[in-house]
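Data block below; observations after.
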Amino acid sequence: MAKWVYLFKEGSAEMKNLLGGKGSNLAEMTNLGLPIPQGFTVTTEACTDYYDQGEKISDEIQGQIFDALAELEKIQGKKFGDTADPLLVSVRSGARASMPGMMDTILNLGLNDEAVEGFANKTGNPRFAYDSYRRFIQMFSDVVMEMSKTFFEGILDEIKEAKGAEFDTDLTADDLKEVIGRFKSIYKDKMGAEFPQDPKVQLMEAVKAVFRSWDNPRAIVYRRMNDIPGDWGTAVNVQAMVFGNMGDTSGTGVAFTRNPSTGANGIFGEYLINAQGEDVVAGIRTPLPITRMEEDLPDCYKQFMEIAHKLEDHYRDMQDMEFTIQEGTLYFLQTRSGKRTAPAAIKIACDLVDEGKITPQEAITRLDAKSLDQLLHPTFKVEALKAGEVIGSALPASPGAAAGKVYFTADDAKNAGDRGERVILVRLETSPEDIEGMHAAKGILTVRGGMTSHAAVVARGMGTACVSGCGEIKIDEEAKVFELGGHKIIEGDYISLDGSTGKIYLGDIETQEASVGGDFGRIMGWADEFRTLKVRTNADTPADTANAVKLGAEGIGLCRTEHMFFDEERIPKIRKMILSDTQEAREEALNELIPFQKADFKGMYEVLEGRPMTIRFLDPPLHEFIPTKDEDIEALAKDMGLTVAQVKATCDSLHEFNPMMGHRGCRLAVTYPEIAKMQTRAVMEAAIEVKNEKGFDIVPEIMIPLVGEKKELKFVKDVVVEVAEAVKKEKGSDIQYTVGTMIEIPRAALLADEIAEEADFFSFGTNDLTQMTFGFSRDDAGKFLDAYYKSKIYESDPFARLDQNGVGQLVEMAAKKGRQAKSNLKLGICGEHGGDPSSVEFCHKIGLDYVSCSPFRVPIARLAAAQANLNSK
Ligand code: PEP
Ligand code: MG
């Protein structure tokens with residue numbers, strides 16, 4: 001028979017997967033001989049079984065729960081439901097990974113109409129007993145039966161008013177009996193049954209409620225944001241109650257062994273005399289700093305500090321502890337490795353290494369790679385954020401906090417930025433033409449678009465906060481107004497965005513700039529020592545490249561050359577090229593673009609100082625470049641000697657029903673080889689010149705996008721080679737160069753062995769590969785993915801976290817086939833997944849040579865790559 005329930009004394013810290021974090025730590029503390037109110041843990045496997053059985057607890061599990069309860073009664077010398085001295089328990093969730101506040105807790109379970117009398121007699125404190133009972137009814141009804149809290153709060157307020165009581169504590173035992181009577185009748189009214197009096201029924205309902213809470217909406221969101229799999233389940237801890245609200249020698253508190261905000265070494269926390277945990281959380285009374293306990297309860301304080309040190313030494317990590325003192329006796333209710341800010345995490349990791357408690361390898365594996373975002377982007381000031389009102393939320397497309405005045409067009413945003421205003425650009429969706437407005441903005445909010453939409457990709461590259469795909473917004477761009485969460489926001493109103501959480505706030509919330517100290521450098525140094533996977537960046541300008549190199553990029557894995565054409569001076573030239581109807585006219589327009597593109601490449605090669613750069617040839621559908629504004633159309637018509645009507649007609653003819661699967665990628669070079677010719681010339685001339693001028697050892701890497709067939713690659717490659725050889729000859733250079741392809745179409749992955757025969761390298765374009773494998777538009781998936789999370793069909797956004805089962809299989813297979821055909825084939829990834837820690841781990845595992853990600857994610861990828869390597873050993 002499977003074992004589903006463990007007494008604390010039967011478990012250990014190693015059993016975290018089965019007992020959850022809280023349960024395994026309670027077991028470990030019990031083994032260490034610390035003062036722990038005893039209890040038992042219902043395992044995470046019991047939770048998965050509950051879901052497998054269609055949300056039912058099996059008889060076998062229920063039987064084991066009751067057996068453990070009988071054991072607990074023996075240990076405590078009290079009986080459940082006893083009318084003289086009843087055993088009371090708390091019921092709490094506890095998953096493998098801590099998910100603070102995401103799931104439910106029930107306290108004082110076991111009280112009923114009779115037990116409360118016994119409890120009053122035993123404690124000699126009827127007021128306390130009735131208060132405990134009314135709290136339990138309230139909590140059970142809310143958490144277990146999902147009745148609204150407001151019913152109970154309303155009754156309490158009415159009775160307080162009738163009795164002239166200002167605080168709950170002003171109510172007498174008799175007042176509280178009245179409260180209980182009213183609570184029970186509203187319960188009966190709403191639930192159609194009496195409040196359950198059998199403590200075993202209460203217990204089983206509470207266990208079920210905790211299991212159910214694993215799947216509440218906030219837990220699902222938290223899991224998605226923290227990469228916690230949905231099938232882990234939560235354990236349930238049933239623990240004997242101790243009471244901190246039994247007078248002035250009782251109390252309760254929370255403390256950390258080091259400061260969780262700064263990492264400073266030293267006890268940090270707060271406590272309240274004569275209170276239960278929820279009073280601390282509710283903020284009704286102001287807690288005292290933990291150090292005050294030394295004066296109030298010196299013996300308890302001394303014992304508390306000894307145990308705190310013992311726990312930190314035992315776990316070799318900063319601990320977050322909950323404790324209760326009942327009439328002068330100290331109990332620990334839980335300990336766990338404390339959540340901390342990224343700066344604190346870095347400092348604590350380095351300090352623990354310096355104190356000889358952990359190795360640098362351990363320091364690296366313990367850090368949360370994603371949290372490095374906090375170090376590199378502005379964040380909201382904690383105090384300021386407390387007052388912030390959330391009016392909506394959407395995809396956390398580019399991290400960082402931003403606050404500013406709302407503007408609805410790129411031009412308005414740019415003008416306001418020039419006036420020195422802080423700007424939030426709000427758009428239905430962004431397009432390449434918005435680039436200047438995006439540059440001027442502190443934050444970007446879009447109604448449409450997913451994690452790999454234009455806004456998301458560009459904002460991440462620039463390090464600007466972006467929340468995308470907020471479908472709840474009703475926007476009128478013409479009238480310059482949007483509505484969200486019951487608020488109407490007009491141009492010039494302040495809003496604030498958190499691109500790390502996706503939350504949108506009303507008003508101007510104060511932010512603080514990012515700063516990195518010396519400890520960050522140490523951590524990154526260790527990460528580089530321990531990783532084998534290389535880390536490149538996706539960048540298209542010398543400035544972004546310089547930033548990425550500063551953040552540790554070892555080269556460029558993806559230079560999206562189309563981004564170079566949106567500059568005011570250049571876009572008319574590319575438009576001319578698109579609208580030309582002869583090859584000669586196209587070549588003439590393209591020739592005008594060569595100097596610009598070449599200058600950009602030179603700038604980037606100079607900044608790279610010999611580091612490699614993969615330059616991807618023109619990829620987007622041409623219609624993205626065509627003018628939409630009348631003034632631009634008129635200017636173009638004039639420049640080309642055409643009528644406005646002619647230009648408009650040609651623009652219309654470029655319309656595609658499904659541009660993402662249309663005339664884009666290498667298809668452009670197949671129809672217009674002169675585009676590839678121009679780009680090859682610009683790359684080769686730039687590389688040769690910088691090589692000659694600066695002496696860097698440059699080997700250009702030319703990448704052909706969206707290939708699905710070997711002959712297609714060969715066709716474009718032949719064009720590239722012809723021009724490259726010609727340029728070499730002209731310049732008298734013997735420079736080497738390579739030509740590779742992106743693998744971003746499923747057919748290319750399937751035929752990777754054939755394609756490898758024509759490629760020097762593969763770079764997995766997992767944005768398009770995900771789009772085409774799922775058949776989900778990367779720009780529209782945000783609209784329906786939420787329904788998939790809610791229905792538990794998918795757990796995470798496949799555009800943010802690589803779908804290892806499906807898309808990952810294609811990547812792994814293509815990597816294998818490619819290397820079988822060509823053993824020295826260089827392999828990398830340049831889709832947005834290259835900066836996502838779990839995806840980086842996958843890339844390490846399947847043997848890619850490098851990942852490439854936006855500049856600000858380079859440190860995350862370096863750390864994740866080191867963790868992947870260390871964890872695989
Ligand atoms: C990709 O498809 O993964 C990729 C990197 O290219 P882009 O995002 O420019 O389509
Ligand atoms: Mg692509």
Checklist entry - Does Ile743 meet the test of being under 14 Å from Gln809 (Cα atoms), hydrophobic (A, V, I, L, M, F, W, C) and within 16 Å of ligand 2 (Cβ to nearest atom)? => result yes
Checklist entry - Filtering the stretch 596-619 down to residues that are of a type in the set (A, V, I, L, M) and away from ligand 2 (no atom under 16 Å from the Cβ), which residue is surrounded by the fewest Cβ atoms within 10 Å (Cβ to Cβ)? => result Ala599
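Could you please find all residues in the stretch 306-347 being part of a helix (DSSP H, G or I), out of contact with any strand residue (DSSP E or B) (no Cβ under 6 Å at 6 or more places or on another chain) and either of a type in the set (Asp, Glu) or over 18 Å from Lys16 (Cβ atoms) (or both)?
The answer is Glu306, Ile307, His309, Lys310, Asp313, Ala342, Pro343, Ala344, Ala345, Ile346, Lys347.
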Item to check | Output for the stretch 643-689, where each listed residue is within 16 Å of ligand 1 (Cβ to nearest atom), of a type in the set (S, T, N, Q) and assigned to a helix (DSSP H, G or I) | outcome: Gln679
Checklist entry - Say we look at the stretch 527-543 and pick out the residues that are open to solvent by less than 40 Å² (accessible area, probe 1.4 Å) and closer than 25 Å to Pro705 by Cβ; which of these is nearest to ligand 1 (Cβ to nearest atom)? => result Asn538
Checklist entry - Right, Glu588: over 20 Å from Leu668 (Cβ atoms), modelled with pLDDT of 90 or more, surrounded by fewer than 16 Cβ atoms within 10 Å (Cβ to Cβ) and away from ligand 2 (no atom under 16 Å from the Cβ) or not? => result no
Checklist entry - What do you reckon, is Gly471 open to solvent by 30 Å² or more (accessible area, probe 1.4 Å), more than 18 Å from the chain's Cα centre (by Cα), at pLDDT below 90 and of a type in the set (Gly, Ala, Ser)? => result yes
Checklist outcome for this item: When every residue in the stretch 849-864 that is open to solvent by less than 30 Å² (accessible area, probe 1.4 Å) and within 14 Å of ligand 1 (Cβ to nearest atom) is compared, the one nearest to Ala539 (Cα to Cα) is Ser854
Item to check | Listing of helices (runs of 4 or more DSSP H) fully contained in the stretch 1-82 that carry 1 or more residues being closer than 17 Å to Met321 by Cα | outcome: 16-31
Checklist entry - Out of all the residues in the stretch 34-50, which are in contact with an Asp or Glu (Cβ under 7 Å, 6 or more places away or on another chain) and farther than 18 Å from Gly230 by Cα? => result none
Checklist entry - Looking at (1) farther than 29 Å from Glu429 by Cβ; (2) in contact with a helix residue (DSSP H, G or I) (Cβ under 8 Å, 6 or more places away or on another chain); (3) within 15 Å of ligand 1 (Cβ to nearest atom), which is the only condition Phe761 fails? => result (2)
Checklist outcome for this item: With the first residue restricted to the stretch 480-500 and required to be at positive phi, and the second required to be part of a loop (DSSP other than H, G, I, E, B) and open to solvent by 10 Å² or more (accessible area, probe 1.4 Å), Cβ contacts under 8 Å at 6 or more apart or on different chains are Lys480/Glu491; Gly485/Glu472
Checklist entry - Of these, Asp836, Asp753, Asp797, which one is acidic (Asp, Glu) and open to solvent by 20 Å² or more (accessible area, probe 1.4 Å)? => result Asp753
Checklist entry - Of the residues Lys177, Lys122, Lys190, which single one is in contact with an Asp or Glu (Cβ under 8 Å, 6 or more places away or on another chain), assigned to a helix (DSSP H, G or I) and open to solvent by 70 Å² or more (accessible area, probe 1.4 Å)? => result Lys122
Item to check | Those helices (runs of 4 or more DSSP H) lying entirely in the stretch 408-526 with at least 2 residues within 16 Å of ligand 2 (Cβ to nearest atom) and closer than 30 Å to Ser371 by Cβ | outcome: 454-462
Checklist outcome for this item: Checked Asp231, Asp142 against criteria (in contact with a Lys or Arg (Cβ under 6 Å, 6 or more places away or on another chain), open to solvent by 10 Å² or more (accessible area, probe 1.4 Å) and of a type outside the set (S, T, N, Q)); the one match is Asp142
Next on the checklist: Against the condition of a type in the set (A, V, I, L, M) and either more than 14 Å from ligand 2 (Cβ to nearest atom) or farther than 15 Å from Gly828 by Cα (or both), how does Ala749 come out, does it pass?
Outcome noted: no
Checklist entry - Looking at (1) farther than 17 Å from Arg570 by Cβ; (2) within 34 Å of the chain's Cα centre (by Cα); (3) not aliphatic (A, V, I, L, M), can you tell me which one Asp619 breaks? => result (1)
Item to check | Set Ala384, Ala342, Ala397: member being at pLDDT 90 or above and aliphatic (A, V, I, L, M) | outcome: Ala384
Checklist entry - When the residues of the stretch 712-735 are filtered to those that are under 41 Å from the mean Cα position of the chain (by Cα) and open to solvent by 10 Å² or more (accessible area, probe 1.4 Å), which remaining residue is farthest from ligand 1 (Cβ to nearest atom)? => result Lys714
Checklist entry - Can you tell me which residue in the stretch 20-45 is most open to solvent (accessible area, probe 1.4 Å), limited to those that are touching a residue at least 60 places away in the same chain (Cβ under 8 Å) and under 28 Å from the mean Cα position of the chain (by Cα)? => result Glu45
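The values are calculated or read from the model by the stated rules, or taken from the named source; none is laboratory data. No experiment lies behind these values; they were computed from the predicted model shown. Note that each Cβ is placed from the backbone with ideal geometry, even for glycine, and that neighbours are counted across all protein chains shown. Ligands, DNA and RNA are stripped out before the accessible areas are found, and what is left, the full protein with its side chains, is counted by its heavy atoms. Shrake-Rupley method; radii C 1.70, N 1.55, O 1.52, S 1.80 Å.
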